[in-house]
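Below is one structure, written out as structure tokens; the observations come after it.
No value in this document is a laboratory result; all are computed from the given coordinates. Note that the coordinates shown come from a computational prediction; the quantities given were computed from them, not determined experimentally. No Cβ is skipped: glycine too gets one built from the backbone with ideal geometry, and neighbour counts run over all protein chains shown.
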Amino acid sequence: MQQWVAARIGLLLNKPVGPDREIAPREMGQPGPDIRLVGGALHLFPFAVECKYQESWQIHQWIDQAKGNVDETVHDSWLIVAKRNRTDPVIIMDATAFFNLLGRTNGRPGGYNGKPSSQLLSGSVGGRLW
């Protein structure tokens, strides 16, 4: 799952993925977010990403884990990518972070709440992300 998510982030940001790159999946069992983002990649995608590929979903525990991986000096929020067998992956994220993200992609630099935030897409990409 981490490989797939890292690859998707790499495609979104047009950046290579790999152990010595700005985007890399973490090995299982390592502390911190499941996707390692540094430099420009972290500036463009400021989320602590947690990946879950499980049949039994314990969303509140996952959220607590994802929140624990947030470094407020570099992350805007947390984000969970979850999947079960024979289903498409879904994103679980904080509602305020979602609306701020949507606001920034629609030309509102501070998001919908008007508070300053890091520039998720650095102004280089606007409009819809999907």
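Brief remarks follow.
- Here the Karplus curve 6.51 cos²θ - 1.76 cosθ + 1.60, taken at θ = phi - 60°, turns the phi angles of segment 42-59 into couplings of 5, 4, 7, 9, x, 10, 7, 9, 10, 10, 9, 10, 9, 7, 9, 9, 10, 4 Hz, with x standing for Gly and Pro.
- Within segment 29-92, the trypsin sites (Lys or Arg not before Pro) that combine a DSSP coil assignment with at most 14 other C-beta atoms in a 10 angstrom radius are 84, 86.
- 5 angstrom amide H check on residue 50, placed H, neighbours 5+ away: 34, 79, 80, 81
- HN-Hα J in Hz across segment 68-78 - Karplus 6.51, -1.76, 1.60, θ = phi - 60°, x for Gly and Pro: x, 8, 6, 9, 4, 7, 10, 9, 6, 5, 9
- The peptide list 27-35, 1-9, put in order of mean Cβ contacts within 10 Å with the highest first, becomes 1-9, 27-35.
- Separation between Cα centres of segment 71-102 and segment 28-54, rounded to whole Å: 11 Å
- Calculated FRET efficiency for the pair residue 20/residue 60, C-beta based, R₀ 41 Å, to 0.05: 0.70
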